[in-house]
1. What translational diffusion coefficient, in µm²/s and rounded to a whole number, does the Stokes-Einstein relation yield for segment 79-189 at 10 °C and a viscosity of 1.306 mPa s, taking the hydrodynamic radius as the Kirkwood radius over Cα pairs?
2. For a quick check, take a GNM of the chain with Cα springs below 10 Å and name the residue from Val117, Val177, Val93 with the largest mean-square fluctuation.
3. Once you have the Cα-Cα distance between Leu102 and Ala68, take 0.36 nm times their residue separation minus that, and quote the gain in nm to one decimal.
4. Taking segment 1-92 as the region of interest, what is the percent of Cα-Cα pairs per 10 angstrom bin, listed from the shortest bin to the one with the maximum distance?
5. What helices does the chain hold that run 24 Å or longer along their axis, going by alpha-carbon atoms, with a Kyte-Doolittle average of -1.0 or more, using DSSP H for the helix calls?
6. Two decimals is fine: what's Rg over Rh for the chain, C-alpha atoms, Kirkwood radius as Rh?
7. Tell me which of Leu183, Ile67, His147 sits at the most positive position along the dipole axis of segment 4-188, charges placed on C-beta atoms (Lys, Arg +1; Asp, Glu -1).
8. At what distance in angstrom do the alpha carbon centres of segment 1-74 and segment 82-144 lie from each other?
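Where a number appears in this text, it was derived from the coordinates with a stated rule and is not lab data. Nothing here was measured: the structure is a model prediction, and the numbers come from that model. Using ideal geometry, Cβ is built from the backbone for each residue, glycine included, and neighbour counts are taken over all protein chains shown.
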Amino acid sequence: MGMKVVFVGPPGAGKGSQAEHIVKKYNLLHLSTGDMLRAARDAKTPVGLKAEEYMSAGKLVPDDVIIAIIKERIAQPDSDRGFLFDGFPRTVVQAEELDKALAAQGTKLDVVLELQVPEEILFTRLASRGRADDKPEVIRQRLVSYHEQTAPLVDYYGKAGNLVSIDGTGTIDEVFVRVEKVLDALNEG
Ligand code: AMP
């Protein structure tokens, strides 16, 4: 079975760019709840239409919606290959439900990577990206949601003992070298 990795960090920390490099090198599935929700929104499914109300306001989509999507996804046989969660979990409730779902499959997370980037850099990065939810007032709300609802995960995983914090400043390649050090050590261990 492949590695099971969670990526936490504020919006704009570079999780998506790092995730692309990681899944390639370590042959993992890239499970981005943001990508799944955008696909559902574009396909105008009931879940997608409901999610859009929250996404366009920079608010988190309710836990029950996200948990249902993720449970369905990790029940697929290809998840044996190992996966990288990008943008999930975003609340302690989501993290607890993930732990339970993995335990029911007789498995658990190998590592939680926290990407650390100072706030002023985040805002500049997000504002230059040009996604529909990258308007200044929506960015501000997404950072608020992160601090209020997602930052407590760092404590949750810190207590669980599988958290590794990584400096997310610098170029994508510079950050990836730091990420590789952690994942290579796990792979060898
Ligand atoms: P992202 O692409 O990860 O920045 O996600 C874009 C938006 O999708 C977020 O601002 C939320 O509205 C929603 N979203 C993505 N993942 C989650 C999640 N795990 N829990 C709640 N909302 C989410």
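1. Details: Rh = 15.8 Å.
In µm²/s, the coefficient rounds to 100.
2. Its mean-square fluctuation being the largest, the pick is Val177.
3. Numbers: separation 34, 0.36 × 34 = 12.24 nm, distance 1.38 nm.
Working it through step by step, the gained length comes to 10.9 nm.
4. 16, 48, 32, 4
5. Values: long enough: none.
What comes out of the filter, once short or polar helices are dropped, is none.
6. Numbers: Rg = 15.8 Å, Rh = 16.9 Å.
A ratio of 0.94.
7. Value computed over the given set: Ile67.
8. Cα centroid of segment 1-74 versus Cα centroid of segment 82-144: 8 Å apart.
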